[in-house]
Structure formats: C-alpha cells, structure tokens
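The values are calculated or read from the model by the stated rules, or taken from the named source; none is laboratory data. Source: prediction; values computed, not measured. Neighbour counts run over all protein chains shown; Cβ positions are idealised from the backbone, glycine included. What goes into the accessible areas is simple: the full protein's heavy atoms, side chains included, and nothing from ligands, DNA or RNA. Shrake-Rupley method; radii C 1.70, N 1.55, O 1.52, S 1.80 Å.
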Amino acid sequence: MKRLNILIYIAESMHTGHHDAFLSLLQITSNDTRIKINVLTETTELYDVIKASISKNQEVKLFAVEKLMEEKSAAINTNEKAITYLKITEKFDTLIWMGPLEELDKLTKLPAARVIPFLPVESNLVQDSLKAYPFILTDSMQQKENIRRIESLQEKIIYLPPWKEKVSAQIPVIVNRRGITEVYPNSITEADDTLTEIMETIKRETPSFDWRYKDNETDYYSLDTETDIAVVLEADFRSYLHYAKAGKPVILPENEQFSDLLGRDYPLFIQQPDDLITLLPELLANEEMYYTAAKKCYVLAREFDYEKNEQQLLDALRSFNAKQETILFAGHDFKFLYPFIERCARTGKKVLLDNWKGHTKHNKEKSLKLLQKADIIFCEWGLGNSAFYQNYVKQGQKLFIRVHRQELQTKFLKKVDFKKVKSVITISPQMLEEFHRVHRIPRKKLKLIPNMVDTRAFQHPKKEHAKFHLGIIGIIPKLKRIDRAVEIFEKLWQEDERYELHIKGKMPQDFPWLQDRKKEITYFEGVFEKINNAPWKENVVFSQFGSDIPEWLTNIGVILSTSDLEAFHLAPMEGMASGATPIVFNWEGADLIYPHEFIVSSVDEAVEKIKNLEKSGQLSEYQHIYERYDTGKITTELMRLVFD
C-alpha cells in the first residue's frame, strides 16, 4: 500500500497554546509506518523548537517559510506559496491545518476534501465553512461536544488527545465508602484557612468523615483507593480525570466547560467553598446521588481514552489513501458483526447489505445485482447465503464466510466449493476444529478471529448491591439451561435472601418456531411454574430483550453461562468487561476461552464458587482476557484479513 503523505502546518500561536496536542498528533502519525509526515511552520525559531522536541525514532521532515525563502527562493514568502511549493516537491496528499481558520480560506489551490482543520476551543464555530472538510480535529472535549450538536458535522469531529491518558478496563466498584475526601490542589487549599475550617466543621459533625489535601506533585496514576470523593476547586481538567477514571465522584466549580460536558444537572457543582458544608454530608448519605455522580464522571473520562481516539484518527487518515473497495455483507442476522460493518464504512469502504429473511429466504434478483457491484462478499453465518454466493462469485472477487456453531447442524456448508472461498472465519479454537472435522473445510482456509466485545461500553461503576445479583442473558432454546440458573439462585437465596436472579432476553412466546417443539414448551412451562410458586419469586427479575445491556450489567455481580453447548458465548465476556464474575458450565471449548477458575461442572460447584467470591468482585488480573476480544482489536484483525 502506498504511504499516505501528510503535511501538518502549525502556526506559532497554535504551537504556544496547543503544544501538547501538536506533539500528540506527531506521536500518533509518525508511529504508523503507512504514514509519511512533513511539518511546515513560518519562522526559523519555531522550526528549531519543533526540531528539538522530535525524538530520533520519529520520521518527520521539517520545513519553515523563512528557510525556504533563504534556501530555495525569495518568492516563497507566504504560507500559501510554501504549501504550493511543497505540494509539488513533496507530493503530499493531505493537509492538516493548525492555524487560523480565516487563513485557510486563502488556500484555493487545495481541494477542501484533502484538508483537515484543527479547531481549538477558542475558535468560533462557523458551520457553513466547516461543512466542506471531511474531518475536523480538536483537543477540546468541550468543542467536540459543541460540534456533535450540529447534525451536519457530528460525524466529522475527531478528538486529538493532548495527553496519553489510559482509562483502565478494570471496572471501578463503588462500595468502599468510608467517607474519606481528597481535596485538590494543595497550592490553593493549604493557604486557605477558611476552607480548612469548613472541612474540620464537617468532620466534627460527621464522625465517619475524614479529609486530606492532595499533594499536587503526586503521580496522577497512583490513586489512593481509600479516597471516596474528590474536591477539585480549580478548573483543572487533568485533576478531574485523575479521579473520574477511577469511578470517583468529583465536586467541581460550576463553569461552562464542566457544565457542557457533565450536564447542567450534575449534582456536585458548587458556587463557593461554603457549599461543601451541606453537599459533602449529603453525598455520603445519599447513595443515589453518589452513584449518579460517579457514573457521570466515569463515562466522561472514558471519552478521553488515548487508544480509542488514536484509532479513530488513524482510521480517518487512512481513508484518504484507500482505493474505495466495495464490500457486500449477506446474512439474516448481523448482531455480532455491526462494529466491523461500521468500521468498513468509517474507513472509506463502500458497504452494501443483503438482508436475508431467514436461512434460505432472500430476493435473488437483488442479491445478484448487489454481487455485480462488490469486490468482496462477506457471508455472516454459513447458511443458505454461503451456498448461494459460492455459486455466483466471479474471478477477482473474494468470498469470506464467518461461522458460529449452528452451521455444524445444517447441511449448507456441504454444498460449498471451498476452492471459491478465500477464508472461513471461526470464532473459537474448538469451533475451528469442529468445522474441519464435520464439514472437512481445509485447514489452510480456516481462520480464528473471535467474537468481539465493546469493552469500553461496559465500563460503568457497579451498583452497591450488585454482588448479590446473578444475571443470565438469553434463555432460548432449552440448551441454554435456565433451570440450572434458577437452581443456583434458589440455593444461594436459601442462605441469604439478598440474592436475586435477573433474566434478560426474549421469552418462549416470542419465537413462533419454538411453538412446534412440544418438549421444549413443556420444559419452559415447568421452569416458570416453579418460579411463580416459589417463596423467592419476587427476587427473580425479568428484563426485555434490548440494546441496554451495558446499563443492565451495572446491577449484575455474577454472570451465568449455564448452557449445554456454545460456540463462544458472548454474554460472560461482556459480563467480565463490566466487572461481573463469570460462572461458566464446562461446555466443550469453554476452557479455551474463559479462566479455568470460573468453569464449573455442577450446580453445587457453581454455588460454592459464588459464595467464596472476594467481596470486591473485581477482575483486574483477567483484564488481558476480555481486552483480547475488544472491538478495536478484533475489527483490526478482520480488516487485515479482508482488505490487506
């Protein structure tokens, strides 16, 4: 692939006010071997400053207007002329403009489609002039939120992280409230006797309360786990992030920046230090206020995660360099594939969808028309769609089939000539072996790319009583074994009535095809009859099928996989990402995906493991497991397989 050649123009005013953002941009782009970086500034003085800030392993070519005038031609005496000269000599593809927007309008020889402007918070939003650009960069989350409110621009804005902030996938659990408050910053508060008196007054009136000043020299990555509440009295966003990313509620001065980002209804804004006298004791006593504030803080902190924003920027830049390929997705159910489909569209691929009505039902004429436009055909599920497209795929087109487990019990793949298939993607090691054994798919055609989990979407603080809540997602068909989940819950409830069983998903009556399976209907009727007649029936909570699983999981401490058979089972992995402990029955292949400590072979074993769980319920030592299946990593693997 041809390297993308980028020119970054940086004005002296931007370098002074947004130095960190500029260095972050250089770091992200110069680390990618598929991108070549040139930097242009006006003065020799700024040229020397930037040169000194670039490390030896960064491949960056520097230019200054003053040096071009001196070394090349006196006629190159403006930014516009220097950019025109570099367009000819360096042949850059794309310009990133970190200068005044009004000057950008003068660059008439560059098409707006190849320009990315940088929009700091102090810049006014000129909606009409920004519409022409494919993307807009900003180092201000406040500016990003302002642009998101404009429908024509909301998909264009990209946050350029000024700091390498890592928001951990370890889920904060807000249950250790001892009433210890940390006040930042040291430099103001120690000199403020009034504030000290306020805090001492609260301590006298609330025996469980204690407080301390934060040493502002302390490394921000070593939060004291005993700190329950933070008080940040300056509009210092990095101090806020230090606490918010750990799931701590932060008391803040009410200003435009924080109000825009956290909402005017954020409950912990103060006008003056005296407000702490009533707010701090209320916050310690009011569980709902504490949880609401902590959640708001943490969700906002996740937006600053460096890796997420880095990937979004690189995807945007790579879209300039890509020949637009057309990929056709065909299947009856794309629920496990939507993040990959969205990434294809985001990176400049033309996406077509052939939505089948079932395993075999589709509009043949429409399918053939779509096929004519496609470079790549991606069949989600190896069912009738795969058998159909392998009959019509042409030389020069690539056909991929992604299989789960259901296909082992159907005959559609028996009809496929795998010489016409580029790759068959399986989602677990066990399934790879089974598809080779059952359908004789050549090993060289089989690829292992697991299901994906949007780990960041599940990173919400847990509610206080979540550790007593068992959860199960999806109970249809019978092999999901809801009876096991009910029995586990019943045994736990008999010892501690705080336990609850939360069941999320569709019910038997929601599946017309299930009504013909009399044995299964009888099975479910028996389970529900047991629930309805039990003394613990009020502790069984049903939730409808929906996309609110991340929110639902905030109330779940243990996620169950009680199935007889699974290919991967996404629910326990989503549960792990949320901070819930997975309890997984030993269906074949489970030990190749989930930690052996959480795999059980009986109801009694499951009950004992749940009873012996540590009170915190945190899974920090297993972070590497669920991060392995993170959406960003898995979609990257799919992109490389399909397009490289």
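Odds and ends about this structure:
- Where a label projected 7 Å from the Cα of Val121 along Cα→Cβ would reach, residues of the range 280-310 with amide N under 15 Å: 301, 304
- Relative contact order [Cα under 8 Å, 6+ residues apart], the range 325-448, whole percent: 21
- Thr78/Lys56 FRET efficiency (R0 30 Å; Cβ-Cβ; nearest 0.05): 0.40
- With the simple model of a label 7 Å out from the Cα in the direction of the Cβ, Glu325 to Lys166 spans 3.2 nm.
- Glu538 versus His465: modelled label distance in nm, points set 7 Å from Cα along the beta carbon direction: 1.1
- Per residue, in Å², the accessible surface of the chain once ligands and nucleic acids are set aside, probe 1.4 Å: 45
- Three-way shape label, the range 225-329, alpha-carbon gyration tensor, a/c 1.5: prolate
- Rounded to the nearest 500, the 222 nm mean residue ellipticity of the chain from helices alone is -11000 deg cm²/dmol, with -39,500 (n - 2.57) taken per DSSP H run of at least 4 residues.
- Contact order, relative form, for the range 480-610: 25 percent (alpha carbon pairs under 8 Å, 6 or more residues apart, mean separation divided by residue count).
- Modelled spin labels at Asp333 and Phe511, positioned 7 Å past Cα toward Cβ, are 0.8 nm from each other.
- Rounded FRET efficiency, nearest 0.05, which uses the C-beta distance separating Leu479 from Leu448 and R0 of 35 Å: 0.90
- Protection proxy ranking for 420-426, 362-368, 405-411, 629-635, using the average of other Cβ atoms within 10 Å per residue and placing the highest first: 420-426, 629-635, 405-411, 362-368.
- Computed from backbone phi with θ = phi - 60° and the Karplus coefficients 6.51, -1.76 and 1.60, the 3J(HN,Hα) list for the range 452-463 is 10, 10, 7, 4, 5, 5, 9, 8, 10, x, 7, 6 Hz; x is used for glycine and proline.
- Extension gain, Lys419 back to Asp274 (0.36 nm per residue minus Cα-Cα distance, nm): 44.6 nm
- Computed from the alpha carbon positions, the gyration tensor of the chain leads to an equivalent ellipsoid with semi-axes of 46, 40, 19 Å, biggest first.
- Built amide H within the under 5 Å cut-off of Ile96, gap 5+: Leu7, Ile8, Tyr9, Ile116
- Extension gain for Gln406 to Glu103 (0.36 nm times residue separation, less C-alpha to C-alpha distance): 103.2 nm.
- Relative contact order computed over the chain (Cα-Cα under 8 Å; 6+ residues apart), in percent: 10
- Simple point charges give the picture: +1 on the Cβ of Lys and Arg, -1 on the Cβ of Asp and Glu, and for the range 455-628 a dipole about the Cα centre of about 300 debye.
- Relative packing of 468-479, 592-603, which averages over residues the other C-beta atoms within 10 Å, highest first: 468-479, 592-603
- Cα gyration tensor, the range 54-103 - rounded (a/c under 1.5), prolate or oblate: oblate
- Overall form of the range 4-159 per C-alpha gyration tensor (a/c, 1.5; a/b vs b/c): prolate
- Packing rank of 92-103, 332-343, 244-255, where each peptide gets the mean count of other beta carbons within 10 Å, highest leading: 244-255, 92-103, 332-343
- With R₀ fixed at 60 Å, the C-beta to C-beta distance from Asp236 to Glu525 puts the FRET efficiency at about 0.50.
- Net length available on complete extension from Gln142 to Ile88 is 15.7 nm, with 0.36 nm assigned per residue and the Cα-Cα distance removed.
- Ligands, DNA and RNA left out, the accessible area of the chain computed with a 1.4 Å probe is 48% carbon and sulfur.
- Loop-located GluC sites (Glu not before Pro) across the range 446-516 with a Cβ neighbour count of 13 or fewer within 10 Å are Glu497, with loop assigned by DSSP.
- For the chain, the Cβ-based charge dipole about the Cα centre amounts to some 5140 debye (Lys, Arg positive; Asp, Glu negative; other atoms uncharged).
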